[in-house]
1. In what sequence, highest mean first, do 83-91, 55-63, 195-203 appear when ranked by Cβ atoms within 10 angstrom?
2. On full extension of the chain, what length is gained from R16 through N94, given 0.36 nm per residue of separation minus the C-alpha to C-alpha distance?
3. Under a cut-off of 12 Å between alpha-carbon atoms, report the aspartates and glutamates in cross-link reach of K17, not counting same-chain residues fewer than 8 places apart.
4. Evaluate the distance, in nm, between pseudo-label points positioned 7 Å from the Cα of F40 and of D159 along their respective Cα→Cβ axes.
5. Could you give me the radius of gyration and the Dmax of the chain, taking only the C-alpha atoms into account and expressing both in angstrom?
6. Calculate the length of the line joining the C-alpha centroid of segment 92-111 to that of segment 164-214, in whole Å.
7. Check cross-link reach from K37 to the lysines: straight Cα distance under 17 Å, and skip same-chain residues fewer than eight apart.
8. May I ask you to list the lysines whose Cα is less than 28 Å away from that of K146, ignoring any residue fewer than eight positions away on the same chain?
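Laboratory data are not the source of any read-out in this text; all were calculated from the coordinates shown. Treat the numbers as computed from the prediction; the structure is a model and nothing was measured. Here the Cβ is made from the backbone with ideal geometry for all residues, glycine too, and neighbour counts use every protein chain on show.
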Amino acid sequence: MLRDLLIDKELFSTLRKGALESEEKENSLEDIELLEKAVFKRLKKKRSVKKYKKLGVSKGDLKEIIELADVLSLDAIGGPSNVEIADNHQEWCNNCGRCCRESSPLFIHRDEVNILLTFNSDLEDEIVPNILYPEHYQFKEDKPCKFHDSEAGKCRIYDSRPQVCRNYPLMLVERDGKAHNIVNLRYNCNYAVLLVLEKSMILFDEAIRKLKAQN
Ligand code: SF4
Ligand code: SF4
């Protein structure tokens, strides 16, 4: 019910379908469900359903709002974009290193290949074209990333890391001929969980504002 105040049902279904298809290339649907559960646990504490019970708000509304936060960039409704939220909250990354150990493939733009090879020219035979994204390359094997220092838990080439690493947990996808920065919905990335939580809180507040205006 709350979600319907923010977005047309049909548009939501289209966005959700597109987002799940993009995510499925990276993560399983189980990952996404786990992320939504992790956000739900936190959102329940941040936004009280009880307070708005008389207006018909339920826990189901929180779940729907989270699904919307997964797929909608808030600039579409006059809010901050995914990039703005992520840039303003870099402290949400707890430096767990999972993205460097578990992400695959690591997209390397053709302009970045030579930069990476200056750190280790032996890797030349390990870098192959990415068949889905023509201007990009990837490592044949990249779990964990060859530049991840597992003992120090750090990137060995941090200042020269590829753009895809700088964007994380956002990822660039193409939809309807346009580039979009969507959230990589990984449940075990604190940055991604808190990003979706922040968006959910903004969406919840906006829906409540609209609901109150109706009553
Ligand atoms: S971006 Fe996420 S997965 Fe990567 S180090 Fe930060 S919290 Fe961990
Ligand atoms: S290049 Fe650095 S930041 Fe990027 S995945 Fe590898 S270790 Fe992580």
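1. For the peptides 83-91, 55-63, 195-203, the packing ranking is 195-203, 55-63, 83-91.
2. Extra length available between R16 and N94 comes to 25.3 nm.
3. The reachable aspartates and glutamates, counting only those whose Cα sits under 12 Å from K17, are E67, D70.
4. Using points 7 Å along Cα→Cβ, the separation is 4.6 nm.
5. Just the Cα atoms of the chain yield Rg and Dmax of 19.2, 67 Å.
6. Going from one Cα centre to the other spans 19 Å.
7. The reachable lysines, counting only those whose Cα sits under 17 Å from K37, are K45, K46, K59, K63, K199.
8. Of all the lysines, those that pass the test against K146 - Cα under 28 Å, at least 8 places apart if same chain - are K25, K154.
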